[in-house]
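Just below is one structure, and these are the notes that go with it.
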Amino acid sequence: MLNELSLTALIIIFIGLILISGFFSGSETALMCLNRYRLRHLANDNHRGGMRAHKLLEKPDRLIGLILIGNNAVNIMITLIAAVIMIRLFGELSVLTSTAILTVIMVLFAEVTPKTLAALRPERFAFPSTFILLPLMKLMFPLVWLVNQFTNVLFKILKINVNQADALHLSQDELRTVVLESGSLISSSHQGMLLGILNLEQVTVEDIMVPRGEIIGINVEDSWEEIVELLQNAQHTRLPVFKGDTDNIVGVIHLRRILKLQNQSNFNKESLLEQVREPYFVPKSTSLNTQLLNFQHAKRRIALVVNEYGELQGLVTLEDILEEIVGEFTTDPANNYNDVHPQEDGTWLVDGSANIRDLNKSLDWTLPTDGPKTLNGLLLEHLESIPEPGTSVKIAGHPIEIIQSHDNGVKTARIYPAPDMENDSEEPETPNSPPEL
């Protein structure tokens, strides 16, 4: 049949088949490069091209089967027609020449060019191609189905799981990458909130709690005058109530409950204790994500943190968790952080009790947070002893000098800005050596 066609007709058919082959190659690349989440959004918004593409990609094995069957059939026809054309032009000795020329044409016009264009503009290539692929899928469905059955049998023999559901689910790390790479599509403040939500699972209440030594509460063994003064000057709406010391927690009181009692003549310790609500304890290893749900379920806003022995370690509030998501409720956290004192020479005097995560957030540092929670604990861990004033150590690139210390830890340290060095060692320097800047 091919021998009956003129050379001009064969060349026209050859060019048409090259274009068809390029269409199949480009369609495959474009459809596979589509953003599945954007495509799902377009389909839900009744975007016609998105709906057609989404329908095809619901069964990617069938789509790939259709494209490959069509592409291979066209490529075989191209090979036959190219051979006839070359024989007519150059005779029987043109086989090697036709093979070389055909390879260049196929790679350039039927593979590289259409696939590159499709990868650069997947939606502009994929959506129009669905006008042809959907009817073609219905027409060739029996053959596509048969090919897929043989393929599935082969997958079962090789014990390959062909379930695609897992591929469409993003892990937390992958979702975090999506947020970070969203660029101008999501404002930096909103990016921070989204990342804060994703990080809740990795942070525990121990990381953000108010340490036991810094808890402000009502000691029922204090005089009534001292208790009233504390109530009048309290900066918190909820206060823990204890007897003697914080090891003997009585409960938690909401200052709103005692506003009406203050003007009554019978306002005393007994009436005050009647307004105390039972304490709510949580383990220190509870993740913030879990604790947020626990607060919601228990309808509480404050919890006392205990260790594995039931000993009080600190206090955590709902506001503390929310600040991990939206940031501090103040305009400049560093200005309100009493543990940090900026100096004129660019250094910072930091109290040993300062929380490391708060330091990192307030000053954009990268001190390690997987161990001790306070600067004092971090220094003791690195130096493995109670340091003398003047001792220096470099941690996360920051030279740190001990300014004041006492029998059981570091009271004050001076932290220098991290120098611009490629490899900052975190190993302790020689004690009493000056910090390297």
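Assorted remarks:
- Exposure proxy ranking for Tyr37, Tyr309, Tyr280, Tyr416, based on other Cβ atoms within 10 angstrom of each Cβ and starting from the fewest, stands as Tyr309, Tyr37, Tyr280, Tyr416.
- Relative pair counts by distance (%), Cα atoms of region 204-320, 10 Å bins: 13, 46, 30, 11, 1
- Degrees between helix 122-139 axis and first principal axis of the chain (Cα, 0 to 90, nearest 10): 60
- Among residues other than Phe150 with Cβ under 14 Å from its Cβ, the summed charge is +1 (Lys and Arg +1, Asp and Glu -1).
- What you get for the chain, charging only the Cβ of Lys and Arg (+1) and of Asp and Glu (-1), is a dipole of about 3720 debye around the Cα centre.
- Its DSSP H runs of at least 4 residues, each contributing -39,500 (n - 2.57), put the calculated 222 nm mean residue ellipticity of the chain at -15000 deg cm²/dmol, to the nearest 500.
- For Ile218, residues with placed amide H under 5 Å, excluding near neighbours: Val241, Phe242
- Using a cut-off of 31 Å between Cα atoms, the listed pairs Lys269/Lys299; Lys260/Lys373; Lys260/Lys411; Lys243/Lys299; Lys269/Lys411 include Lys260/Lys373; Lys260/Lys411; Lys269/Lys411 as exceeding that distance.
- Net charge of neighbours whose Cβ lies under 12 Å from the Cβ of Glu221, counting Lys and Arg as +1 and Asp and Glu as -1: -1
- Whichever lysines have a C-alpha closer than 27 Å to that of Lys59, once near sequence neighbours (fewer than 8 apart) are set aside: Lys115, Lys138, Lys156, Lys159
- For region 238-248, backbone phi angles converted through the Karplus equation (6.51, -1.76, 1.60; θ = phi - 60°) give residue-by-residue couplings of 10, 10, x, 10, 9, 10, x, 8, 5, 6, 10 Hz, Gly and Pro being listed as x.
- Order of Ser385, Ser362 - criterion: other Cβ atoms within 10 Å of each residue's Cβ, fewest first: Ser385, Ser362
- A run of the chain free of exposed loop cleavage sites, with trypsin sites (Lys or Arg not before Pro) counted only in DSSP states other than H, G, I, E and B and at most 10 other beta carbons within 10 Å, reaches its longest extent at 1-158.
- Each residue in His297, His54, His41 was given a count of other beta-carbon atoms within 10 angstrom of its own, and listing them fewest first yields His297, His41, His54.
Computed from the coordinates by the stated procedures, all read-outs in this text should not be read as laboratory data. Everything quoted here is computed from the prediction, not taken from an experiment. Every residue, glycine as well, gets a Cβ built from its backbone with ideal geometry; the counts of neighbours run over all protein chains shown.
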